[in-house]
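J.: Following this message is one structure expressed as structure tokens.
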Amino acid sequence: MNPNKEKGAGGPGLFNGNVLQNEEATVIFITEGAFDALANIEAGADAIALNSTSNAEKFVKHLEKHPTAASVAFVICLDNDEAGKAATDTLQAGLTKQNIPCIVADVCGKAKDPNEALVTDRAAFSAVIDEARKRASTRPDSAAYYIDYLMAADMEKQKNIVKTGFSDFDKKFGGLYPGLYAFMAVSS
């Protein structure tokens, strides 16, 4: 990502970029800094670091020219700040446009970045990384996992809080939203 690196010019390139060519890597975590990537690696994940939020667009363009294996899915887990959120949006849009599977995972919790989350609670961080890895590796052959975890999240994003007036129904489903149809009648 940094063609001028040999000449001593330009910003930092991709940290641990060689994992993109590893055919055994099926889920790769994208982090902002090298220590964040190392935290993910310590928790058992394959990870790369952009080394700057400004490299998000460069990374997307890099993948256009140098595609990864078809079986690779990405987990975007940048820092828990405004720059990280903006870069997350850039990455998610760019990867989706290229039909590269990706999810966004909040691995930080209340920490500022993945490394701080690891240092704060190693066991909890490892569990979150493991869960994100499972979510990212969801393929058509694991429909039950999709239904249990991802479909609920997809439906939550699409909700329009339109109350029906049926308190039990509204309590259970939270309102009507696209894709939810309810047929009701008084009992005969």
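J.: Across the range 14-30, which residue is modelled with the highest pLDDT among those that are under 15 Å from residue 58 (Cβ atoms) and surrounded by 18 or more Cβ atoms within 10 Å (Cβ to Cβ)?
T.: Ranking the candidates gives 30 first.
J.: Another question, then. Might you let me know whether the range 53-73 holds any residue that is touching a residue at least 12 places away in the same chain (Cβ under 8 Å), open to solvent by 80 Å² or more (accessible area, probe 1.4 Å) and aromatic (Phe, Trp, Tyr)?
T.: Within the range 53-73, not a single residue is touching a residue at least 12 places away in the same chain (Cβ under 8 Å), open to solvent by 80 Å² or more (accessible area, probe 1.4 Å) and aromatic (Phe, Trp, Tyr).
J.: Scan the range 34-50 for residues that are more than 16 Å from residue 18 (Cα to Cα), among the small types (Gly, Ala, Ser) and open to solvent by 10 Å² or more (accessible area, probe 1.4 Å) and jot them down.
T.: Residues satisfying the conditions are 43, 44.
J.: Still on this model: Filter the range 94-115 down to residues that are assigned to a helix (DSSP H, G or I), without any contact (Cβ under 8 Å) to a residue 60 or more places away in the chain, within 20 Å of residue 32 (Cβ to Cβ) and open to solvent by 30 Å² or more (accessible area, probe 1.4 Å), then give me how many there are.
T.: Residues in the range 94-115 being assigned to a helix (DSSP H, G or I), without any contact (Cβ under 8 Å) to a residue 60 or more places away in the chain, within 20 Å of residue 32 (Cβ to Cβ) and open to solvent by 30 Å² or more (accessible area, probe 1.4 Å): 1 in total.
J.: Taking residue 91 as the residue in question, decide whether it is touching a residue at least 60 places away in the same chain (Cβ under 8 Å) and open to solvent by 50 Å² or more (accessible area, probe 1.4 Å).
T.: Details: touching a residue at least 60 places away in the same chain (Cβ under 8 Å): yes; open to solvent by 50 Å² or more (accessible area, probe 1.4 Å): no.
Answer is no for this residue.
J.: Next question, about the same structure. Return yes or no: is residue 118 in a helix (DSSP H, G or I) and modelled with pLDDT under 95?
T.: The answer is no for residue 118.
The values are calculated or read from the model by the stated rules, or taken from the named source; none is laboratory data. No experiment lies behind these values; they were computed from the predicted model shown. In this analysis, Cβ positions are derived from the backbone assuming ideal geometry, glycine residues included, and neighbour counts consider all displayed protein chains. Areas reflect the complete protein model, heavy atoms only, side chains present, ligands, DNA and RNA absent. Shrake-Rupley method; radii C 1.70, N 1.55, O 1.52, S 1.80 Å.
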